[in-house]
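The next block holds one structure in the form of structure tokens; read it before the comments.
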Amino acid sequence: MADEMGVFETMYNCRAMRRLTPTPVPEETLLKLIDAANQAPTGSNAQGARWIVVRDAEQRARLAALNKAAVTAYAAPDSGRAGALPHQDADKRARMLKSVLWQAEHMQDIPALVIACYEFERPVAAGQAMGGGSIWPAVQNLLLAARALGLGAAPTTLGLANREAAREVLALPDNVEAFCLIPVGYPMGKFGPVTRLPVEQTVHWDRWG
């Protein structure tokens, strides 16, 4: 069974899946993802993580338009986006960009767009970083739960880059901040292992140098 994957197997095979079918995801499955996300720790156990699950076609189209505008700027030749990285050659980088562009063209057809938010005790200012430590663990829980259930998902902040426009679409109160948009659906491609840097290249003991 897909939902019987071990935690390490899930983590090591949790690819970013951007090409998703328009097949609706059952509401009970979406709620299961959110419930799993809510098991993550939060600062002072405040439990301020909040979720907007966008299924309405008009709402999805409005968010897709915001995302497409941001992706177009991101993909532009003069954007400063790296064409290759030490651990990702130009060919792999191009394939990743192709999937990002595909998602931008089809986001309105993806059945569920999950917006990860945090509810503060008081109004928040643009760019306020506090709260991230209480929402990103929940986002990762959601991604792992989606993988365990055979669903594709990948978080993006590009769709929320136009903060004021996104806030208007989502009708956010002034004490709620949206951190990322997570398209969720059934993948067109196949799951497989992720490719990551060897741990020896990323860990330091006791001090940096």
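The values are calculated or read from the model by the stated rules, or taken from the named source; none is laboratory data. Please read all numbers here as calculations on a predicted model, not as lab measurements. Because the Cβ atoms are built from the backbone with ideal geometry, glycine has one as well, and the counts that use them run over all protein chains shown. Just the protein is used for accessible areas: all its heavy atoms, side chains included, with ligands, DNA and RNA removed. Shrake-Rupley method; radii C 1.70, N 1.55, O 1.52, S 1.80 Å.
Here are the numbers for the structure shown:
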{"item": "Odd one out for Ala40, checked against (1) open to solvent by less than 30 Å² (accessible area, probe 1.4 Å); (2) in a helix (DSSP H, G or I)", "result": "(2)"}
{"item": "Those residues of the stretch 142-158 which are closer than 22 Å to Ala36 by Cβ, assigned to a helix (DSSP H, G or I) and under 11 Å from the mean Cα position of the chain (by Cα), in sequence order", "result": "Leu142, Leu143"}
{"item": "Candidate set from the stretch 16-37 (those that are in contact with a strand residue (DSSP E or B) (Cβ under 9 Å, 6 or more places away or on another chain) and small (Gly, Ala, Ser)); member that is surrounded by the most Cβ atoms within 10 Å (Cβ to Cβ)", "result": "Ala37"}
{"item": "Single residue of Glu200, Glu168 found to be acidic (Asp, Glu), at pLDDT 95 or above and open to solvent by 50 Å² or more (accessible area, probe 1.4 Å)", "result": "Glu168"}
{"item": "Breaking point among (1) hydrophobic (A, V, I, L, M, F, W, C); (2) under 19 Å from the mean Cα position of the chain (by Cα); (3) under 19 Å from Leu151 (Cα atoms); (4) surrounded by 15 or more Cβ atoms within 10 Å (Cβ to Cβ), for Leu66", "result": "(3)"}
{"item": "Filter result for the condition that a residue is buried (at least 18 other Cβ atoms within 10 Å of the Cβ) and either touching a residue at least 12 places away in the same chain (Cβ under 8 Å) or touching a Ser or Thr at 6+ places or on another chain (Cβ under 8 Å) (or both), over Asn162, Asn141, Asn175", "result": "Asn141"}
{"item": "Criterion violated by Met11 - all others in (1) among the hydrophobic types (A, V, I, L, M, F, W, C); (2) at pLDDT below 85; (3) open to solvent by less than 70 Å² (accessible area, probe 1.4 Å) satisfied", "result": "(3)"}
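Listed here are the residues, each with its yes/no results for (1) in a loop (DSSP other than H, G, I, E, B); (2) at pLDDT below 90; (3) in contact with a His (Cβ under 7 Å, 6 or more places away or on another chain).
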position	(1), (2), (3)
Arg18	yes, no, no
Ile52	no, no, no
Glu58	no, no, no
Leu97	no, yes, no
